[in-house]
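The values are calculated or read from the model by the stated rules, or taken from the named source; none is laboratory data. Note that the structure is a prediction, hence the values are computed from the model and not measured. When we count neighbours, we look across all protein chains shown, and the Cβ atoms used for this are built from the backbone with ideal geometry, even at glycine.
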Amino acid sequence: MNIFTCSPRPVLETCGLQNFNYQVDPYIGCAHYCRYCYALNQAQTDWTAEIGIHRDIAGQLAGELAQISPQKIYLGYHTDPYQPCEAQSGQTRTVLKVCLAKGFSVSILTKSALVVRDLELLRALPDAAVSVSVAFNDNRIRRQFEANTIDTEARIDALRRLKQAGITTNALICPVIPHISEVRPLIDMLAPHADKIWIYRLSIQNQADQNWLNVARILNTHFADQQTAIEQILFTTEHSYWRNLRQDLQQLQKDRQLNLDIHL
Ligand code: SF4
C-alpha cells in the first residue's frame, strides 16, 4: 500500500451526524475496502493501492481546534481511523493526543482491533466512546464482502477489552443484507460488550453507484439463486422482509431489555 501526503486540506471538517458538529478523517481512502461502503462512491483515490495522510496533522489540527470550543469530535465518517498503516504512521494516535491536550474528546467508529493500542489515551479523554462495526457472523461471507478486515470475533474481543477498561462502547450491525446477514446471532455476540447496538440495513442510493455494482457482482457470483429476491427487498422501502425483521427485533429488545437502535 502506497502512503502519500495529500494536498493541503482541512483536518477538522463539519460533521453531518446528529450530536456531532465536527469530524476528523485522519486518512484519505480506506484499505479495508468493504465492497458495500457508501464512501466508495466519492472515492478520490484507488483504495486498493494508496492511502493519503496529512502533512502535519498535529500542528494543523491544534490550530483548527483553537478556533472552536472543546467538544466531542467524530472519527470514522469517511474512512476507518485505524487503517493497517496506523500501526506505523500513528496519525489517529496523534489526533487523540492533540484532542487530549486541547480538552476535546472523541467518538470513534472502527472495524479494527488496533484501537485497543490507544486504550490508555482513550481513558484519559473525557467520556470517549468507541463503536465497532460488524456485518457478518460467518467469516467466510465476511471475506466475500470485506476481504481486508479482521474476523468479527477479533473486533468483538476489542470491544470487550474496551468495555472492561471503562470506555463507553457501541456496536453497529451494518449493513444488514436480506437473506445473508444473521442479525440475532450478531446481537447475541455483541450484547455483553456493547452499551448500545445500532442496526442499519444496506442502503443503496443509486444502482449506478460503485458500492452497488460491487455488491451486485458478489451476489451474482456467490448468491445467484437469491439475487433477485435480495434485490427486490433492498429496493423496496416497506418490504415485508424489513417489517418482519423489525418486529422480531423489537420483540427481542422487549423480552431481553436490550439497548437496540433499529433502522431497518
Ligand atoms: S471500514 Fe468503513 S470506511 Fe472503510 S471501507 Fe469499510 S465501511 Fe468504508
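Values computed for the structure shown
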read-out	value
Filtered residues of region 201-252 (kept if closer than 14 Å to Ile177 by Cα and in a loop (DSSP other than H, G, I, E, B))	Leu202, Ser203, Ile204, Phe223, Phe235, Thr236, Thr237, His239
Of all residues making up region 213-245, the number that are within 30 Å of Thr169 (Cα to Cα) and hydrophobic (A, V, I, L, M, F, W, C)	4
Members of region 19-56 found to be over 15 Å from Pro81 (Cβ atoms), surrounded by 13 or more Cβ atoms within 10 Å (Cβ to Cβ), within 12 Å of the ligand (Cβ to nearest atom) and not hydrophobic (A, V, I, L, M, F, W, C), listed by number	Tyr33, Arg35, Tyr36, Tyr38, Asn41
Ile218 being over 26 Å from Arg160 (Cβ atoms) and either touching a Lys or Arg at 6+ places or on another chain (Cβ under 8 Å) or not polar (S, T, N, Q) (or both)	yes
Single residue of Gly90, Gly63, Gly16, Gly59 found to be more than 9 Å from the ligand (Cβ to nearest atom) and at pLDDT below 95	Gly16
Checking Ala154 against (1) within 16 Å of the ligand (Cβ to nearest atom); (2) surrounded by fewer than 18 Cβ atoms within 10 Å (Cβ to Cβ); (3) under 25 Å from Tyr241 (Cβ atoms), the condition it does not meet	(3)
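Every residue, every condition in (1) touching a strand residue (DSSP E or B) at 6+ places or on another chain (Cβ under 8 Å); (2) more than 19 Å from Cys34 (Cβ to Cβ); (3) of a type in the set (Val, Ile, Thr), yes or no:
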site	(1), (2), (3)
Asp209	no, no, no
Leu213	no, no, no
Asn220	no, no, no
Ile233	no, yes, yes
Thr237	no, yes, yes
Gln247	no, yes, no
Lys254	no, yes, no
Asn259	yes, yes, no
